[in-house]
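Supplied in structure tokens, the structure appears directly below.
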Ligand SMILES: Cc1ncc(COP(=O)(O)O)c(C=O)c1O
């Protein structure tokens with residue numbers, strides 16, 4: 001019988017979804033599960049967007065133009081203008097979510113066997129896309145103690161080889177919540193210039209910044225031709241199911257290659273592009289996003305204050321996105337997370353994402369877990385109470401039993 005290819009077999013299953021069947025089983029047993037494991041915003045998608053989808057005048061649902069519907073591209077250009085970033089229509093490609101933008105960016109920046117530097121812990125799907133495109137991720141290890149900020153330049157430079165073609169990162173960071181300072185970004189820019197690298201900047205959380213300011217990589221004129229920006233409306237418009245994003249670059253060759261990739265996959269979803277057009281036409285659209293960010297800011301503050309009360313949990317307050325990568329007072333965070341889903345007594349439980357899945361280096365992140373504070377205030381309070389109780393009960397299990405449960 002023919003076998004699936006080695007690269008498809010090597011593609012990792014998402015660690016965020018891997019334990020999902022245990023949550024389904026727990027729910028079948030009547031448990032309420034607080035999902036802190038997945039970055040799926042719970043805030044209603046803006047009404048203007050939904051109206052645009054509902055009222056779209058579409059008689060034949062044909063292929064949209066490969067680069068995107070012209071009005072959607074114009075809406076994206078306008079959006080960047082509002083962010084203080086000047087881009088032209090030719091420099092924007094509408095993609096099927098940020099996910100497609102990442103695959104296109106890796107495909108354009110790298111040939112099979114090339115390397116890309118990625119600060120770890122990182123968004124796990126980067127590893128999936130890298131495996132599927134036969135690109136090797138070389139991790140730049142960052143630590144919880146430093147708030148996951150970048151190590152000194154020499155440490156990063158030492159990782160660069162003749163096969164290194166790009167540096168890829170999410171900014172603000174998933175799972176770390178890190179927002180890089182201007183100095184850190186300048187260091188990346190200098191390295192890219194000196195060592196001839198592309199910078200793949202994944203800015204899908206651009207507005208989700210609570211401390212400091214976000215500087216887009218598109219704003220550095222020195223690397224105009226090196227930056228490939230990945231963007232998405234999934235988080236910003238609480239529209240993960242829309243599957244609409246953008247790839248942006250001032251580099252003409254990059255855009256020509258991106259357009260070829262776009263032609264191969266034909267088109268991005270029509271209705272959701274029209275939803276975006278309607279959203280951008282709403283005079284209140286900026287206010288709508290700002291209100292949502294305000295809600296996440298309050299949740300971040302509340303969630304961090306609740307976590308501080310839980311004995312043994314260690315973390316640095318994240319500056320952005322909507323995640324906290326925390327150290328748990330257990331040897332094996334995944335064993336604890338499984339136990340919470342299979343054996344924790346009572347009517348409620350909490351699901352976290354095991355930290356190890358956010359690292360490519362074996363052994364790292366074993367005592368860490370990522371929480372996404374995408375729940376309403378009352379649920380965050382309950383989730384933290386359950387988490388505190390779960391940790392306390394787990395710590396009293398005989399070691400052998402805890403390991404076996406895991
Ligand atoms: C850092 C980062 N980049 C990209 C994506 C993918 O987003 P999309 O839904 O637009 O494909 C996500 C989704 O969680 C993410 O966290």
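Identify, by number, the condition in (1) in contact (Cβ under 8 Å) with a residue 40 or more places away in the chain; (2) within 16 Å of the ligand (Cβ to nearest atom) that residue 274 doesn't meet.
So the condition that residue 274 fails would be (2).
Right, next: Are any of the residues in the range 179-191 under 25 Å from residue 369 (Cβ atoms) and either at pLDDT 95 or above or within 16 Å of the ligand (Cβ to nearest atom) (or both)? Spell out the reasoning first.
Taking the range 179-191 first, the residues under 25 Å from residue 369 (Cβ atoms) are 179-180.
Filter once more, so that each one left must be either at pLDDT 95 or above or within 16 Å of the ligand (Cβ to nearest atom) (or both): 179-180.
There is at least one residue in the range 179-191 that is under 25 Å from residue 369 (Cβ atoms) and either at pLDDT 95 or above or within 16 Å of the ligand (Cβ to nearest atom) (or both).
On to the next question. What number of residues in the range 192-213 are within 16 Å of the ligand (Cβ to nearest atom) and either in a strand (DSSP E or B) or under 26 Å from residue 356 (Cα atoms) (or both)?
Number of matching residues: 10.
To continue, here is another question. Within the range 100-111, can one find any residue that is free of Cβ contacts under 8 Å to residues at least 24 places away in the same chain and either surrounded by 15 or more Cβ atoms within 10 Å (Cβ to Cβ) or touching a strand residue (DSSP E or B) at 6+ places or on another chain (Cβ under 6 Å) (or both)?
no
Next up: Which is modelled with pLDDT under 95, touching a helix residue (DSSP H, G or I) at 6+ places or on another chain (Cβ under 7 Å) and within 16 Å of the ligand (Cβ to nearest atom), of 132, 106?
Every option except 132 fails the conditions.
Right, another one. Look at the range 221-252 and say how many of its residues are part of a loop (DSSP other than H, G, I, E, B), surrounded by fewer than 20 Cβ atoms within 10 Å (Cβ to Cβ) and away from the ligand (no atom under 14 Å from the Cβ).
Selection size over the range 221-252: 3.
Rundown of residues vs (1) touching a residue at least 24 places away in the same chain (Cβ under 8 Å); (2) in a helix (DSSP H, G or I); (3) over 23 Å from the mean Cα position of the chain (by Cα), yes/no style:
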| site | (1), (2), (3) |
| --- | --- |
| 23 | yes, yes, no |
| 41 | yes, no, no |
| 58 | yes, no, yes |
| 63 | yes, no, yes |
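The values are calculated or read from the model by the stated rules, or taken from the named source; none is laboratory data. Computed from a prediction, not measured in an experiment: that's the story for all the values here. Positions of Cβ are generated from backbone atoms using ideal geometry, with glycine treated the same way; all protein chains shown enter the neighbour counts.
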